[in-house]
Every structure is written in structure tokens, then in C-alpha cells.
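There's a structure below that I have some questions on.
The values are calculated or read from the model by the stated rules, or taken from the named source; none is laboratory data. Remember, predicted model here, so these are calculated numbers, not experimental data. Quick reminder, even Gly has a Cβ in these numbers, built from the backbone with ideal geometry, and neighbours come from all protein chains shown. Protein only, heavy atoms only, side chains kept; ligands, DNA and RNA dropped before computing areas. Shrake-Rupley method; radii C 1.70, N 1.55, O 1.52, S 1.80 Å.
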Amino acid sequence: MIPYGRQDISDADIEAVVEVLKSDFLTQGEQVPRFEQAVCNYVGASHGVAVNSATSALHIACLALGLGPGGRLWTTPVSFVASANCGLYCGAEVDFVDIEPATGNLSVEALATKLEAASADGTLPDILVPVHLGGLPCDMAGIARLAAKYGYKVIEDASHAIGGSYGDKKVGACQHSDIAVFSFHPVKTMTTGEGGLAVTGDSALAERMRQLRSHGIVRTEMTRDDGPWYYEQQALGFNYRMTDILAALGVSQLSRLDSFVKARHRIANTYHSRLKDLPLKLPVVADASRTSGLHLYVVRLDLERVNRTHREVFESLRERGVGVNLHYIPIHLQPYYAQLGFNRGDFPNAEAWYGEAITLPMYPGLTDEDIDAVVSALEASLS
Ligand SMILES: *Cc1c(COP(=O)(O)O)cnc(C)c1O
């Protein structure tokens with residue numbers, strides 16, 4: 001089975017990890033700050049906070065921005081559940097904004113309409129979490145314009161988008177957001193095994209996130225000084241730390257990130273030219289204002305031109321050895337969210353997306369023969 005995503009591990013990656021294993025510090029050594037600095041340099045951010053997953057990064061990002069019970073977080077239904085769960089972790093209420101059909105990203109038009117209604121009945125969100133689906137940046141300028149008008153904070157869930165760019169900046173520069181979050185799970189564009197990182201231009205937010213990732217403990221600006229052993233817990237934090245073993249892998253992977261993204265775009269170009277005459281809607285991977293990090297390559301069936309159901313096509317591809325996937329099951333349709341009061345029909349564009357989307361294999365190690373196999377399987381499955 002050709003998987004939909006796969007990591008790319010080099011000898012240099014392995015050596016970097018082994019180095020740390022032979023050193024004095026497996027965690028809380030020099031590698032985590034080194035990785036944070038390297039990511040900041042790459043994306044053009046001022047501060048980076050590495051943690052054990054993007055889920056943890058989203059959680060402490062929400063807390064650092066003051067989200068709590070009585071608060072509200074809005075995100076897109078077409079994402080991984082973690083984009084919404086972070087709001088629930090904080091005791092806040094979660095709601096969704098429907099997508100724009102062309103890209104699957106949160107629709108700024110739908111956002112404007114929903115904000116106007118929320119403003120009228122006093123239910124404006126505190127935090128918006130736009131998700132750069134597949135790695136293609138959302139309309140961040142539009143989101144920031146509405147943030148200035150309605151006063152919400154913005155956390156970019158950039159789990160798919162490291163290596164992508166928006167305007168003349170890399171995703172993560174936080175030009176239009178308070179915080180951006182990356183994931184380094186092995187299917188993502190670069191990996192640390194498990195891992196995540198929050199970047200921000202605000203030093204106070206970075207400091208709060210650093211405190212929260214390690215139990216809420218501080219060693220400076222303490223209220224008293226009992227002696228040289230003394231540290232102080234000032235907030236209820238967590239152990240969300242990244243290990244030095246993984247940070248070293250991250251530094252090594254980051255040095256090849258540009259080549260990963262380039263390889264992904266080369267594969268997307270090949271897919272585009274080989275698939276353009278099939279009854280499919282192909283993804284936007286770049287336009288005048290942005291370039292995708294291309295974590296995912298999601299095609300949608302043009303159902304009016306296909307004589308089979310979405311499920312039949314999906315199953316046929318799997319039977320033919322193509323490990324297709326589906327991004328995403330709309331979050332509001334998950335039983336846990338249905339139980340919170342969401343219903344089928346709430347976000348029609350997201351639900352239509354769910355009825356058409358199929359994620360094709362996309363990773364740097366995908367060979368020309370693999371691409372041939374994917375294209376042949378698609379041709380057979382669609383006819
Ligand atoms: C993968 C992913 C996450 C969670 O990342 P982890 O590092 O596995 O916690 C969050 N949001 C999106 C959109 C993702 O794809």
C-alpha cells in the first residue's frame with residue numbers, strides 16, 4: 001500500500017539523535033533552545049516555544065491568550081479535532097465558521113456574517129483558530145482586518161503549513177496573528193516523531209507559554225527567595241516539554257525543509273498535469289499571494305461527472321493499493337461535538353467537502369512509479 005504520508009529520515013538525522021543520546025542531557029539541555037531559534041530564524045518569528053505536540057501548543061496558546069470558562073473560540077469544521085478541542089480544554093465554548101469551497105479554508109465572508117450576528121447578541125469570540133488546510137495559508141489579511149474590528153485574538157493552526165509562505169513572509173512570521181502553531185508528527189512536512197512549536201512576536205506571550213509547558217514553574221521574578229534550590233509555581237501548568245533527542249532531530253530535519261517542500265510541489269505539479277482531465281477538482285497549491293507547505297494533496301470528486309459514489313471510489317483506491325485518506329470528517333459531526341449541540345446541516349460547505357474529498361499520497365519519497373500507480377488507480381476507480 002502506498003501511504004498518504006511518510007517521513008524522510010536521513011543518516012544525518014540519525015546521527016543528530018545519537019549525539020544527544022551520548023550526551024549528558026536527554027531533556028532540558030541545549031537542543032530545545034537551539035531548535036526554537038532555528039525555527040524562528042527560518043519563519044522570521046521573534047519567539048519560539050517547543051512542546052511535545054501541536055495539540056499541547058494549541059492548548060497553552062489559548063491559555064496564554066487568557067481563554068477560560070465563559071470564553072469563546074471559533075475555528076473551522078474542516079480540520080483535525082485538536083483545532084477545536086483546545087478551546088474545550090480551557091473550559092471555553094467552541095463554535096465553527098464554514099469553509100470557502102475553493103480551498104477548504106475558513107471563509108472570511110462567512111466569518112464576517114457570523115461576527116456581525118455575534119456582535120448584535122453579545123457572543124463575539126475571544127479567539128479565532130484559522131487552519132491552513134493542506135498547507136495553503138488562509139486569507140490572513142482578511143482575518144486580521146476583522147480581528148481589528150471585533151477584537152478577537154488569532155492563533156494560526158499551521159500544523160500543515162511549515163515551509164509555506166504568505167505575501168513576502170513565511171508562515172509563522174505572525175504578521176497577521178498573535179501566535180502560530182506547527183506540528184511535527186511524522187506525516188507532517190517535517191518531523192520530530194511527536195512534537196509541536198508555537199511562535200509569536202510577543203515576548204510576554206512566549207514567556208507565559210514557556211511557564212505553562214513546564215508546570216507553571218518559574219525561576220525568575222519570584223515572590224520570595226528561600227535559597228539556591230528555590231523555584232516557584234505561579235500558575236497551573238503541565239509537562240508539555242519536548243525532549244532534546246527530538247529537538248536535535250528537528251534541527252536536522254529543518255535543514256532539509258526547503259528540499260521537502262520543493263519535492264512536494266514537484267509531485268503536485270505532476271499530479272496536476274496527469275489528473276487535470278479526470279472528473280476531479282484539484283487543490284490550489286499556490287497563487288499570487290501565497291504558497292502551500294503542501295502537507296496534504298486533497299482532490300475532490302466532481303460528483304456530477306462520476307458514476308460511482310464517493311465511498312466506492314475511496315474503497316476502490318484502497319483495494320488498488322493506494323492508501324488514500326480523508327481530510328477531514330467535519331469536527332461538528334463527531335459524536336462528542338454532536339452531544340454539545342451541533343447538527344448535520346450546520347455547516348453545509350464543510351459537509352459537502354466531506355462528501356467529495358480524497359487525500360492522495362504526498363511525501364518527498366514518492367517515486368515516479370508510485371505516482372503512475374496512483375494515477376492509474378484513479379483512472380480505473382473513476383470510470
Ligand atoms: C496534526 C494536526 C494537529 C495536531 O498535531 P499533533 O502534533 O499531533 O498534536 C492539530 N491541527 C491540525 C490541523 C493537524 O493536522
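Check GLN233, GLN253 and return the single one that is out of contact with any Cys (no Cβ under 7 Å at 6 or more places or on another chain) and either closer than 20 Å to MET190 by Cα or of a type in the set (Phe, Trp, Tyr) (or both).
GLN253
Go over the candidates ALA204, ALA235 one by one and state the one that is out of contact with any helix residue (DSSP H, G or I) (no Cβ under 7 Å at 6 or more places or on another chain), more than 30 Å from GLY365 (Cβ to Cβ), open to solvent by less than 70 Å² (accessible area, probe 1.4 Å) and hydrophobic (A, V, I, L, M, F, W, C).
When all the criteria are applied, what remains is ALA204.
Count, please, the residues in the range 271-295 that happen to be closer than 21 Å to HIS132 by Cα, touching a helix residue (DSSP H, G or I) at 6+ places or on another chain (Cβ under 7 Å) and open to solvent by 10 Å² or more (accessible area, probe 1.4 Å).
So the count comes out to 3.
Does the range 213-261 hold any residues that are touching a strand residue (DSSP E or B) at 6+ places or on another chain (Cβ under 9 Å) and not in a loop (DSSP other than H, G, I, E, B), and which are they?
Within the range 213-261, ARG213, SER214, ILE217, VAL218, GLU232, GLN233, ASN239, ARG241, LEU246, ALA247, GLY250, VAL261 qualify.
Further, regarding this structure: State all residues of the range 132-165 that are outside any loop (DSSP other than H, G, I, E, B) and buried (at least 24 other Cβ atoms within 10 Å of the Cβ); if no residue qualifies, say none.
LEU133, GLY134, GLY135, MET140, ILE155, GLU156, ASP157
Run down ARG344, ARG311 and say which single residue is open to solvent by 10 Å² or more (accessible area, probe 1.4 Å), free of Cβ contacts under 8 Å to residues at least 12 places away in the same chain and touching a helix residue (DSSP H, G or I) at 6+ places or on another chain (Cβ under 7 Å).
Being open to solvent by 10 Å² or more (accessible area, probe 1.4 Å), free of Cβ contacts under 8 Å to residues at least 12 places away in the same chain and touching a helix residue (DSSP H, G or I) at 6+ places or on another chain (Cβ under 7 Å) holds for just one of ARG344, ARG311, which is ARG344.
Each row is one residue, and each column tells you yes or no for (1) surrounded by fewer than 24 Cβ atoms within 10 Å (Cβ to Cβ); (2) among the small types (Gly, Ala, Ser).
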residue	(1), (2)
ALA38	yes, yes
HIS47	yes, no
ARG72	yes, no
SER83	no, yes
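Name the one entry in VAL218, VAL251 that is in contact (Cβ under 8 Å) with a residue 24 or more places away in the chain and open to solvent by 20 Å² or more (accessible area, probe 1.4 Å). Quick ask: steps written out before the conclusion?
Values: VAL218 fails: in contact (Cβ under 8 Å) with a residue 24 or more places away in the chain.
Every option except VAL251 fails the conditions.
Show the residue pairs meeting these rules: Cβ distance below 8 Å; 6+ apart or different chains; first residue within the range 162-181 and free of Cβ contacts under 8 Å to residues at least 40 places away in the same chain; second residue surrounded by fewer than 22 Cβ atoms within 10 Å (Cβ to Cβ) and assigned to a loop (DSSP other than H, G, I, E, B).
Listed pairs, sorted by first residue: GLN175/GLY167.
Residue check: is GLU156 modelled with pLDDT of 95 or more and within 10 Å of the ligand (Cβ to nearest atom)? So that I can check it myself, show each step before the final result.
Details: modelled with pLDDT of 95 or more: yes; within 10 Å of the ligand (Cβ to nearest atom): no.
No.
Kindly evaluate LYS149 against the criterion of being among the charged types (D, E, K, R) and either closer than 21 Å to PRO283 by Cα or under 12 Å from the mean Cα position of the chain (by Cα) (or both).
For LYS149, the condition - among the charged types (D, E, K, R) and either closer than 21 Å to PRO283 by Cα or under 12 Å from the mean Cα position of the chain (by Cα) (or both) - is not met.
Please state which one of ARG264, ARG241 is within 16 Å of the ligand (Cβ to nearest atom), crowded, with 16+ Cβ neighbours inside 10 Å, farther than 22 Å from LEU366 by Cα and not hydrophobic (A, V, I, L, M, F, W, C).
Of ARG264, ARG241, the one residue that is within 16 Å of the ligand (Cβ to nearest atom), crowded, with 16+ Cβ neighbours inside 10 Å, farther than 22 Å from LEU366 by Cα and not hydrophobic (A, V, I, L, M, F, W, C) is ARG241.
Out of the residues in the range 167-200 that are within 11 Å of the ligand (Cβ to nearest atom) and open to solvent by 20 Å² or more (accessible area, probe 1.4 Å), which is farthest from the chain's Cα centre (by Cα)?
GLY193
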